[in-house]
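What follows is a set of notes on a single structure, which appears directly below.
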Amino acid sequence: MTTPVCTSASKAATGHAGHAASFTGYPSFSSYVRARGPVLLRTARSLTANPSDAEDLLQTALTKTYVAWERIEDHRALDGYVRRALLNTRTSQWRKRKVDEFACEDLPEPSIPGSTAPPAADPADQQVLHDAMWRAIMKLPERQRAMVVLRYYEDLSEVQTAEVLGVSVGTVKSAVSRALGKLREDPELTPAR
């Protein structure tokens, strides 16, 4: 991403906000990022197709969290705060994006030099199913996709998903139900049944 998503966060990170902001200023923030970083990166990867964009997305969300660190009253709810920042940032990026990415049918296969051991199962079949599932998920409207990702990839309950998104549990149930219906009808997923 070349467009800065959060200018206030980038100003604060560079010390433009009137004081020199150092990411070592909050040891509890550093501990939180070390402990929860991998889980949050998995969430970011679920929201975008490109791993590099996922890292940028997480970095932006963590910058926003750092800037608001003193205002966050309940540090036990940090995962929800960061997930909300991830979703809001991704939505902003999606709204501002130029269409310069193109999906391709064939993915390059990584070559493993010197590998002679045969794989236990055919990874190509698994990858085909995985890719078809992600293409189907990416066809869902943004809100339904976020709910499906939080419910099934992040393994949050309906109540937790509703809290993260700021909606009612009924909204989560109905939106996820509609999303699963669309996934069941997707022609690319028909052979997988």
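The values are calculated or read from the model by the stated rules, or taken from the named source; none is laboratory data. Please read these numbers as outputs of a predicted model, since none were measured by experiment. Counting neighbours? That spans all protein chains shown, and the Cβs are built from the backbone with ideal geometry, glycine included. Side chains included, ligands, DNA and RNA excluded: accessible areas come from the protein's heavy atoms. Shrake-Rupley method; radii C 1.70, N 1.55, O 1.52, S 1.80 Å.
Quick look at the values:
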{"read-out": "Accessible surface ranking that places the most exposed of 138, 147 first, with a 1.4 angstrom probe", "value": "138, 147"}
{"read-out": "Measure of compaction for the range 18-93 (Cα Rg per 2.2 N^0.38 Å)", "value": "1.07"}
{"read-out": "Per-residue SASA entry for residue 67, accessible area with 1.4 Å probe, Å² rounded to 10", "value": "60"}
{"read-out": "Exposure rank, largest accessible area first [137, 72; 1.4 Å]", "value": "72, 137"}
{"read-out": "Accessible area in the full protein assembly, largest first, 1.4 Å probe, for 158, 73", "value": "73, 158"}
{"read-out": "Environment charge of residue 162, counting only residues whose C-beta is closer than 13 Å and scoring Lys/Arg +1, Asp/Glu -1", "value": "+3"}
